[in-house]
1. Please list the non-local residues whose amide H lies under 5 Å from the amide H of Ala160, H modeled 1.01 Å from N, same-chain partners needing a gap of 5 or more.
2. Give me the base-10 log of I(q)/I(0) for the stretch 355-452 at each q in 0.10, 0.18 Å⁻¹, Debye formula, one uniform scatterer per Cα, rounded to two decimals.
3. Return one number: the angle in degrees, 0 to 90 and rounded to the nearest 10, between the long axis of the Cα atoms of helix 56-68 and the longest principal axis of the Cα atoms of the chain.
4. How large is ³J(HN,Hα) for each residue in the stretch 203-218, as worked out from phi by the Karplus curve 6.51 cos²θ - 1.76 cosθ + 1.60 (θ = phi - 60°), to whole Hz, x for Gly and Pro?
5. Give me, ordered by chain and number, the residues 5 or more places off Asn189 or on other chains with an amide H under 5 Å from its own placed amide H.
6. What angle, in degrees between 0 and 90 and rounded to the nearest 10, separates the Cα long axis of helix 349-375 from the longest principal axis of the Cα atoms of the chain?
7. Determine by what factor the alpha-carbon radius of gyration of the stretch 287-327 differs from 2.2 N^0.38 Å, reporting the quotient.
8. How high is the FRET efficiency from Glu317 to Ala35, r the C-beta distance, R0 51 Å, rounded to 0.05?
Amino acid sequence: MSRGGIVLDRITAAVDIRTPEGIAAAVSRLIRTGALGAGDRLPTVRDVAASLGVSPATVSNAWQALSGVGLITSRGRAGSFVLQASTTWMPPHFGGLAGSHVEARLDLSTGTPDPELLPDLSAALTKAPTRADTASYLSSPVLPDLELHLRASWPYAVGAITIVDGALDAVSRALDSLVRFGDRVVVENPGFPPFLDLLEHLGVTRIPVDVDGEGLVPGQLARALRLEPVAIILQPRAHNPTGISMSADRARELARVLRASEHIGAPVVIEDDHSGEISSAPAHSFGTWLPQRTLHIRSYAKSHGPDLRIAALGGPEALVDRIVARRMLGPGWTSRMLQTILFELLTATPSLTAVHDARRIYQARQRLLAEALVRQGVEHTVSDGINTWIPVADEKASMLTLAAGGVRAAAGSTFDASPDGSLAPHLRLTAGRVRDDFDDLAALLAAAVRAT
């Protein structure tokens, strides 16, 4: 029998529900288990329809759903093929966020801000010098006016502040200065996939600690500290993927847990406050209680634009100076031209107003989506920032259901920090990019939540 005949027989045998969703789910299982491999040509729509006894339109809709989640691709008259990932240059966990790059009418998988809510850079750009000169390669890496402004807005009195090329650059450089091969680091579960890639690259063992509606679970953190981690990476506000922000009570409780374990070890807390400027929650930093053990990162990607690639890193002088010294042997410093633009954005009235409005609009969109989901019988609380986290019965089936409706989401399994992949199925949605039609989207999400 030809390979095409084998593929058709496998699809026919796998389909138990002869609807577009059922057919798509069956083919998805075949791809996930390896029964269909990357590059395999799928039978024609008419052949599958005839074999299953359904209309060609039913199979065509199933193919569209599979294409929407990046499992197959159409090559016109050549047919449809099982898709091979085209992001091999990406680290594996980070690559999981890239998805399929298939167009959708509403892409909620990106984790990026609504471009229409970013401040206009025109006025700030006029403040940049006309020549990219510098008085000395050994000048201070941070503009004095920018440092003064950052210190005034920092959540605690900080020893030193420097500027780096985005939040992930800050986390990477902090880990480079703190950990060695074989060390242990506490991470949130679910957590941000690039953190997992960083730790694997450094040969570090991750210790996952669950996140609930207020932050890290204290009892689990206490047990994790017995393993003597050298660092803890957490997101205090607008946690990615869940959209929760750490409460004041939880911050105090976790600080007590850390202090109570000081006889075992004193891990450095790395706080990635990536959405602080658009978060509706107050900033709670462990630097309030543990200033000598806290590195706090403030990023401006979500509020002022991802392509600015700029963040501030603050902490005790001893730790920050090590990072600055090592950076002098690489990029040296973050462009002072870019720092000038950031300072203008953080102080000029038009950009301050734009960011304030964006914060309010994101909060309203999260509330409207949550209320619409509740009307559909889906329990959901209002998230902070731009992302939200929705439990589903079956992750792949839910993504296929959304894809059939022209909506993309990020798979929850991408954010699973547990070593055995035991995280319950979820989807991460970038709710901040939903501008209207909340009830229609909620109806589709409700179907996706229940899909199996």
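The values are calculated or read from the model by the stated rules, or taken from the named source; none is laboratory data. Here the structure is a predicted model, which is why all the values come from computation and not from measurement. Cβ placement follows ideal geometry from the backbone for every residue including glycine, while neighbour counts extend to all protein chains displayed. Just the protein is used for accessible areas: all its heavy atoms, side chains included, with ligands, DNA and RNA removed. Shrake-Rupley method; radii C 1.70, N 1.55, O 1.52, S 1.80 Å.
1. Gly315, Glu317
2. With one equal scatterer per Cα and no solvent, log10 I(q)/I(0) is -0.26, -0.80.
3. Once rounded, the angle reads 20 degrees.
4. Taking θ as phi minus 60°, the curve returns x, 9, 8, 8, 10, x, 10, 5, 10, 10, x, 10, x, 4, 6, x Hz for the stretch 203-218.
5. Val209, Asp210, Val211
6. Computed tilt is about 40 degrees.
7. On the way: Rg = 12.2 Å, N = 41, 2.2 N^0.38 = 9.0 Å.
Dividing the Cα Rg of the stretch 287-327 by 2.2 N^0.38 Å gives 1.36.
8. Working: r = 58 Å, r/R0 = 1.14.
With R0 = 51 Å, the Cβ-Cβ based efficiency is 0.30.
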